[in-house]
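To start, the structure itself, in structure tokens.
Read-outs throughout are calculated quantities, based only on the coordinates presented, and are distinct from any laboratory measurement. Given the structure is predicted, the values throughout are model-derived calculations rather than measurements. Cβ atoms come from the backbone with ideal geometry, glycine included; neighbour counts cover every protein chain shown.
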Amino acid sequence: MQDKFKNKTQVPVSVQLELDFRLRTPSFDGTRWRMAERQTKPKMKKIQRISKSQYLKGVQCQKALWLYRRRPDLIPPVSETQQALFDMGHEIGNLAQDYFEGGVEITAPYNQTERAIEDTRKAIHDGNSIVFEATAASPDGAFSRIDIFRKKGASDTWDMIEVKGSTGVKNYHIDDIALQRFAFQGAGYTIEKSILMHVNNQYVRYGEIDVGQLFSLEDCTEVVRSRIEEVRPNLVQFLELLNKNQEPDIPTGGHCFSPFTCDFIGYCWQHVPEISVYDIFSGARLEGLLGQGILNIEDVPSEFGMTERQAIAVRSIRENRVHADIPAIGDFLDSLKYPLYFLDYETINLGVPLFDGTRPYQLVPFQFSLHVQEQKGGDLVHREFLHTDRTDPRPELAGVLVETCGNKGSVVVYNQSFESRVNRDLADAFPAYTGALLKINDRMVDLLVPFRSRSLYHPAMGGSASLKSVLPAFVPDMTYDDLAIQDGDMASVKYLKCIKGLVPETEKQEIFENLRVYCAQDTLAEVRLLEVMYQFG
Ligand code: SF4
């Protein structure tokens, strides 16, 4: 199950995709770079330059920038899931280079700035008109590598092309490419266009990857020109800050997650209670409470304006009791039609599609678990499907699903938008199953709804309706903690390793077994939560 309701320690995919491609290179990955940085930058050495990724940290939070440079020991290790995202970014970066013919790459390691700058100048002097990983630094401390540096014909002007794994231009991309433009202009280059090259999510793969279709190029020159005015004052401020020994005193807040989930949550958030105002409120209400120094739910003033959903959560936490809207729960239970089919998918979604007929980031199911219950309180029958080779899992999965889901009774899922979207894509791709798959969608009942709407709310849910939050709150004897695979992202990463042949056969079989256990746990969790609802309904 892809858990849409992440807790505060998890890192969204979109964030990872924005990380600098240099951190993803297998020859010099993020972990080793950080280690090298620790070894080569004595604490007292004056900091005179900051890179693009550091600049972005500073724009988000100056304390994050300071900690990154001055306390690298606090940077958490790169997880297997994060590394998989770095690897995907690296793959996208390589394909982006294929888009441009005849380029030369600057290969100096990331921490050898002067060599990279010199190699870039030499590559240009030698007449190269496309330079990958071109590097420059401005005298006032901006340092940048650009994915593609492209000369404009016979002129002495250049276009800068930054590659992103996202499917569009985001606001923070503009800060990113503004810093790059500033660095190269400051180094003496004449820049014409600032272009963002991102993944085209309308591309459909057939055969070899068509890089001409996989990417879209968007000219961001005008908006970058307006943003570039902010770069110099920011740089001055950031460098001054970095050369102070005093850690900046910046309180936690919504900025800790926007636009990126900060690396230092574990350090800065130690004073934040396990369940706090962050879990219940957002936007102006959250800022209002934080402004009053209120973190504990118990301290929220009784007259504080809040929505009904927020009021339910606050009351439940304060009184430490379950809230149950009996009529609403009854209506939900009345909507169920037996036999019940408790369904859950595991999927992969890759920036570079793996199979013919799929788009970038399309959800491609490779596994499902199905618990079937003929009548209320009746025995459970478990069915499952796991595709175990490199071929497209969808046709076989669709056939088995249609066969095992029958044609009557409710199909119970947790977060219907996810499962129904997978079914719609399958229905589009495989006409033989279109009618049956759409009928399965018509039969779907979303078990998430009563928890998200807070018809049933447990104080231990901490404001989250995620299955991983709801289950331990209501069914404490059932946990994911002991499972080798504990979430959908990890399931996807492990599965990809298997089908790409990156693990030995014995480990592969072990992973497949762990996947079966994990997916079955998700549908069994749905069964148990429905039992909980019957206790109230
Ligand atoms: S956790 Fe928040 S306050 Fe701390 S460094 Fe990160 S963004 Fe800044």
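Per residue, the average separation of C-alpha pairs within less than 8 Å and at least 6 apart gives the chain a relative contact order of 15 percent. Going by neighbour counts of Cβ atoms within 10 Å, the residues H198, H125, H90 line up, fewest first, as H125, H90, H198. Between amide H atoms placed 1.01 Å from N, distances below 5 Å from E105 occur with F132, all of them 5 or more places distant or on a separate chain. Projecting the Cα atoms of S282, L217, G153 onto the dipole axis of the chain, where Lys and Arg carry +1 and Asp and Glu carry -1 at the beta carbon, places G153 farthest toward the positive end. Extending 7 Å from the Cα toward the beta-carbon at both K337 and D156 defines two label points whose distance is 7.6 nm.
How far, in degrees from 0 to 90, does helix 231-242 lean away from the longest principal axis of the Cα atoms of the chain, to the nearest 10? Once rounded, the angle reads 80 degrees. Evaluated on the chain, the Kirkwood hydrodynamic radius is 25.8 Å, with distances taken between all distinct Cα atoms. For the stretch 489-515 and the stretch 88-106, what is the separation of their Cα centres, given in Å? Comparing the Cα centres of the stretch 489-515 and the stretch 88-106, I get a distance of 28 Å.
Between amide H atoms placed 1.01 Å from N, distances below 5 Å from V411 occur with Y341, M444, V445, all of them 5 or more places distant or on a separate chain.
Over 22 Å between Cα atoms, which of K46/K170; K439/K468; K52/K193; K57/K244 qualify? Let's see the in-between values first.
Working: K46/K170 33 Å; K439/K468 28 Å; K52/K193 18 Å; K57/K244 17 Å.
Too far apart for the 22 Å limit: K46/K170; K439/K468.
The largest-to-smallest principal axis extents of the Cα set in the stretch 272-321 are 28, 22, 16 Å.
The length gained by stretching the chain between D87 and S216 to full extension, at 0.36 nm per residue less their Cα-Cα distance, is 44.4 nm.
Extension gain, H271 to H255: 0.36 nm times the residue separation minus the Cα-Cα distance gives 4.1 nm. Amide H to amide H, with H built 1.01 Å from N, I348 comes under 5 Å of V364, F366, counting only residues 5 or more places away or on other chains.
Phi-derived couplings, Karplus 6.51 cos²θ - 1.76 cosθ + 1.60 at θ = phi - 60°, listed residue by residue for the stretch 205-212: 6, 9, x, 5, 5, 9, 5, x Hz, with x used for Gly and Pro.
Of all DSSP bridge pairs formed entirely within the chain, close to 70 percent run antiparallel. Sequentially through the stretch 352-358, phi angles give Karplus couplings (6.51, -1.76, 1.60; θ = phi - 60°) of 9, x, 8, 10, 4, x, 10 Hz, Gly and Pro residues having no value and appearing as x. Taking other C-beta atoms within 10 Å as the exposure proxy, T506, T135, T81 rank T506, T81, T135 from fewest upward.
Rounded to whole numbers, the Karplus 3J(HN,Hα) couplings from phi for the stretch 117-132 are 5, 5, 4, 5, 4, 5, 4, 6, 4, 6, x, 5, 9, 10, 10, 8 Hz, using 6.51 cos²θ - 1.76 cosθ + 1.60 with θ = phi - 60°, and x at Gly and Pro. Taking other C-beta atoms within 10 Å as the exposure proxy, L354, L340 rank L354, L340 from fewest upward. From its DSSP helices (H runs of at least four residues, each -39,500 (n - 2.57)), the chain gives a residue-normalised ellipticity at 222 nm of -13000 deg cm²/dmol.
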